[in-house]
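Trainee: Before we start, here is the structure in question, set down as structure tokens.
Only the coordinates and a few stated rules stand behind these numbers; no lab work does. Given the structure is predicted, the values throughout are model-derived calculations rather than measurements. Note: ideal-geometry Cβ built from the backbone for every residue, glycine included; neighbour counts use all protein chains shown.
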């Protein structure tokens, strides 16, 4: 079964919205052995959408569209798909009632007729209930040029799409899917992509396994894909053993997950003192459900005043060495561990840029300190790139330093 | 000039990487009047990439590809594009020298031959220098079926792609672009999409302006697109006046930008005390360059111990009302403003879920407190959705509450 995804929305091509729906659907479909083969991004234009359908329908068994199901005039997915497949739209009286009832709750007067475009349903379609919004999803069993096609129309807002897909669409897909492919993946922290490829290829050789690599600030993700699930599992296990400590444990695919896992397995707690990363480390850790058992909290000390008054960095250090210095992060990490009473700590101070740099302390200069019980380590980094890149690299480096120090205990 | 973007990388379809490159290119191209018309996502497979080229080359004047230029075996963009257009690849001796020199710096022994695949350049191509990595970009002036086509190959890592595109590719594109379209956009905070559409349509009527809307937890973004830049500017100004205070000022397209702007124009400072949002509000504010003049810092109080010891929430409140209560966030916001000596403050405490809820305090229950000088306000919310959705909605609601209180001063 070949799956393609068509993401609709002018905002995706204008770049004001990042297409997180594709990543969400890709993950969920891959886990079910139905990795999408192609994706298309189209603006809210009937012509472009029809072009994308003409391109992808012939090479796909299942097409999933996202967006364009709402009540405004740029929401045209329903109509365009029906025209493409020659299906008629009919109003569903149940849906109309629901929309009417929802509108009344908002107490905004008489419901505009445009609202009820969301009650239009193609003939023989199955309605996918939307528990988090008004536009229902649709599941169509139809055909094109004599070949059966499944078309799934999902709403654009992630908070509506995600539960609808997981609860209504995925179980139906899993029930009908044949010839699935599976993927094993693991992440190697901070190593060169080419070195990793060499080791992976030596183990896989001529086996029917497709290889892919994805390098980021955090490390390299390795993907093994194929139809033989047992073979994939065996080879992934062999490779993980070969890479040893460099592989993130517990199938983690991010350093935040990995650090949380390593802390939890040691019953250690963490606190952070962040300046230029401004709460990103705390936000990454607390993004994971259940983080309260390892994470106590953070002080985001963006001003020197807060570094001195709240974190207790001596005024002498700030005066002599400045806030972006080895001495300052050392005091920050010591004091956050003491103040928050945690086993481990991370402190970051640097110049994220683009402004704020000097010849001695240029944008990109970041000091990172980590502490595990009685051991403490401070390193100096000179990151290149935009503000976002510098902040992202600082977060990755901080997690890697803490991980290394945990392993050295 | 019609622009299409082909994003290559199996990780994009497997969902382990979010396609931020498309958003970046979309924004930069839109600002230059060259909004992309179509996007395609393909895995690292020659067949899929060729299919996407066959689909998009006929409807595009300019094709931009991202990814697949590195040294590993799944990096095949260069070869596939050359085969598609019938171009020969030749090694560039200058590039080979640079790659060799870079490898020697890494002190990893003899350079593997695979490294030098990055020195292969199609005939007549212009090399786009990569100052942040090894794989150079490529600019091809070629043709298909007699029509001239420009093909731009960019590397996948955002830290390499972004500066290369802005410094090397965009100036060349701007020099040759004809028939540009322009976009005016603004954001209306927290209003119903349909209400906004009605008002916008009344102003635009039959004018040659294309309309689009994008709703999110923060509000609704309105896009006016067309070729008449002056008309767009005039109509956008008229609409902004009509929406009044609901429109974010200073062309802000996010509540973090808006709140920063409103604070800066009043010379006010901000501090935050975050529990369930875990540093996200601080991270969003400090994501903006120059935020140090309005933002002093944050206490991420994830444990009750930190709420009591560091934020000074009375033990009595935590015992009687719990950490997720009106009383607790009121104490949090008062104490963060006093402790960090700021004019304004935000405090958030809630249950992000999926675990941790009880019948009285279910997952999604969030209390938010904001303070501006002597005024303080606390509200209770029951957000629906995943952990990520609840946290995102809490951040948006907190920014909106602070904004509203600032306007009421």
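Trainee: Where the convex hull is taken over the Cα atoms of region B:255-408, what is its projected area averaged over directions, in nm²?
Mentor: About 8.2 nm², averaged over all directions.
Trainee: Would you mind checking the tilt of helix B:229-243 against the longest principal axis of the Cα atoms of chain B, expressed as 0 to 90 degrees and rounded to 10?
Mentor: Taking Cα atoms only, the helix is inclined about 20 degrees.
Trainee: Cα centroid distance between region A:4-53 and region A:245-261, in Å?
Mentor: Between the Cα centres of region A:4-53 and region A:245-261 lies a distance of 29 Å.
Trainee: One quarter of the convex hull surface, Cα atoms only: what value does that give for region B:3-176 in nm²?
Mentor: If you wrap the Cα atoms of region B:3-176 in a convex hull and average its projections, you get 9.9 nm².
Trainee: How long is the gain from residue A:316 to residue A:180 if the chain were fully straight, where each residue apart is worth 0.36 nm and the alpha carbon distance is subtracted?
Mentor: 42.6 nm
Trainee: For chain A, report the translational diffusion coefficient in µm²/s to the nearest whole number, using Stokes-Einstein at 37 °C, 0.692 mPa s, and a Kirkwood Rh over Cα pairs.
Mentor: For these conditions, the coefficient is 134 µm²/s.
Trainee: Sticking with this structure for a sec: With everything on Cα atoms, drop me the angle between helix A:255-265 and the longest principal axis of chain A, reported from 0 to 90° to the nearest 10.
Mentor: Taking the Cα atoms of chain A, the angle to A:255-265 is about 70 degrees.
Trainee: Neighbour counts of other C-beta atoms within 10 Å: give me A:108, A:391, B:185 arranged from fewest to most.
Mentor: The fewest-first ordering by Cβ neighbours comes to A:108, B:185, A:391.
Trainee: I need to check one value: relative contact order of chain A, counting alpha carbon pairs closer than 8 Å and at least 6 residues apart, in percent.
Mentor: 10
Trainee: Efficiency by 1/(1 + (r/R0)^6): what FRET value for residue A:27 and residue B:230, r their Cβ-Cβ distance, R0 = 35 Å, to the nearest 0.05?
Mentor: Efficiency for this residue pair is about 0.20.
Trainee: Separation of region A:320-375 and region A:96-127 by C-alpha centroid, Å?
Mentor: Taking the Cα centre of each part, region A:320-375 and region A:96-127 sit 55 Å apart.
Trainee: Give the Debye-formula value of log10 I(q)/I(0) at each listed q (0.16 Å⁻¹), with one equal scatterer per alpha carbon of region B:164-274, two decimals each.
Mentor: For the requested q values the scattering log ratios are -0.84.
Trainee: DSSP beta bridges in region B:1-136, what fraction antiparallel, as a percent rounded to 5?
Mentor: If I count the DSSP bridges inside region B:1-136, around 25 percent turn out antiparallel.
Trainee: Here is a further query. If you build the Cα gyration tensor of region A:182-246 and take the root of 5 times each eigenvalue, what three semi-axes come out, in whole angstrom, biggest first?
Mentor: 19, 11, 11
Trainee: Project the alpha carbons of region B:130-188 onto their principal axes and report the range along each, largest first, in whole Å.
Mentor: 42, 36, 18
Trainee: Give me the angle, in degrees from 0 to 90, between the Cα long axis of helix B:193-204 and the longest principal axis of the Cα atoms of chain B, rounded to the nearest 10.
Mentor: For B:193-204 against chain B, the angle is about 60 degrees.
Trainee: In A, who owns the beta-carbon nearest the axis carrying A over to B, and how many Å from it?
Mentor: Output: A:279, 2.
Trainee: Let me ask something else. What ranking of A:106, A:311 emerges when the number of other C-beta atoms within 10 Å of each C-beta is taken as an exposure proxy, fewest first?
Mentor: A:106, A:311
Trainee: Grab the eigenvalues of the alpha-carbon gyration tensor for region B:247-324, scale each by 5, take roots, and send me the semi-axes largest first in whole angstrom.
Mentor: Ellipsoid semi-axes (Å, largest first): 30, 12, 11.
Trainee: Additional query: Let me check against my output: what whole-number percent is the relative contact order of region A:255-408, with C-alpha pairs under 8 Å and at least 6 apart?
Mentor: 23
Trainee: Roughly how compact is region B:90-142, stated as its Cα Rg over 2.2 N^0.38 Å to two decimals?
Mentor: Computed over Cα atoms of region B:90-142, the ratio equals 1.17.
Trainee: List A:55, B:287 from most exposed to least, where exposure is judged by having the fewest other Cβ atoms within 10 Å.
Mentor: In increasing order of surrounding Cβ atoms, one gets B:287, A:55.
Trainee: Give the nm distances, rounded to one decimal, from residue B:180 to the matching residue in every other copy, measuring between label points 7 Å along Cα toward the beta carbon; shortest first.
Mentor: 5.0
Trainee: Let me ask something additional. I want the antiparallel fraction of DSSP beta bridges within the protein assembly as shown, as a percent rounded to 5.
Mentor: Of all bridge pairs located within the protein assembly as shown, approximately 65 percent are antiparallel.
Trainee: Taking each label point as 7 Å beyond Cα in the direction of the beta carbon, state the distances from residue B:91 to the same residue in the other copies, shortest first, in nm.
Mentor: So the label point of residue B:91 gives 7.1 nm to the other copies.
Trainee: Treating the point 7 Å from Cα along Cα-beta-carbon as the label, what are the nm separations from residue A:341 to the other copies, to one decimal?
Mentor: Ordered by increasing distance: 2.9 nm.
Trainee: How long are the three semi-axes of the equivalent ellipsoid for the protein assembly as shown, computed from the Cα gyration tensor as the root of 5 times each eigenvalue, in whole Å, largest first?
Mentor: Its equivalent ellipsoid spans semi-axes of 40, 36, 27 Å.
Trainee: OK, next. For region B:1-99, report the translational diffusion coefficient in µm²/s to the nearest whole number, using Stokes-Einstein at 20 °C, 1.002 mPa s, and a Kirkwood Rh over Cα pairs.
Mentor: Here the translational diffusion coefficient equals 148 µm²/s.
Trainee: Give the relative contact order (percent, whole number) for region B:182-246; include only Cα pairs under 8 Å separated by 6+ residues.
Mentor: Contact order relative to length: 45 percent.
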